[in-house]
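Inspection log for the structure reproduced underneath, given as structure tokens.
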Amino acid sequence: MAYDVLAGNTADRTTLSGFLKRIETQYGKAERIWVMDRGIPTEAVLEQMRQSDPPIFYLGGNAKGG
């Protein structure tokens, strides 16, 4: 399990790519499951995760439907 604490003025959507790279560099490639808040991933980063070898699986929050 890993986590990162960022400055309060950091836009969530700008953090995921760098964090993915740091974890892979530190721990190597592996089939991982990422759990994240809905404001963190962008569609572009999710597509990169799906195309990765091995694929990077994820579970993300979604807006509550009314």
In deg cm²/dmol and to the nearest 500, what is the mean residue ellipticity at 222 nm of the chain if only DSSP H runs of at least 4 residues count, each as -39500 (n - 2.57), divided by the residue total? -9500 deg cm²/dmol
Treating only Lys and Arg (+1) and Asp and Glu (-1) as charged, each at its beta carbon, one finds that the chain has a dipole about its Cα centre, in Debye to the nearest 20, of 80 debye
DSSP-loop chymotrypsin sites (Phe, Trp or Tyr not before Pro) across the chain, with at most 13 other Cβ within 10 angstrom: TYR3
Convert each backbone phi in the range 39-50 into a coupling constant with the Karplus relation 6.51 cos²θ - 1.76 cosθ + 1.60 (shift: θ = phi - 60°), then list the ³J(HN,Hα) values in order as whole Hz, x for Gly and Pro. x, 8, x, 9, 4, 5, 5, 4, 5, 4, 5, 5
Taking every Cα atom in the range 1-41, find the radius of gyration and the maximum pairwise distance Dmax, and write them in Å. 10.8, 31
Relative contact order as a percentage, the chain, C-alpha pairs under 8 Å and 6+ apart, gives 34 percent
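Only the coordinates and a few stated rules stand behind these numbers; no lab work does. What you see is a predicted model; the values in this text were computed from it and never measured. Positions of Cβ are generated from backbone atoms using ideal geometry, with glycine treated the same way; all protein chains shown enter the neighbour counts.
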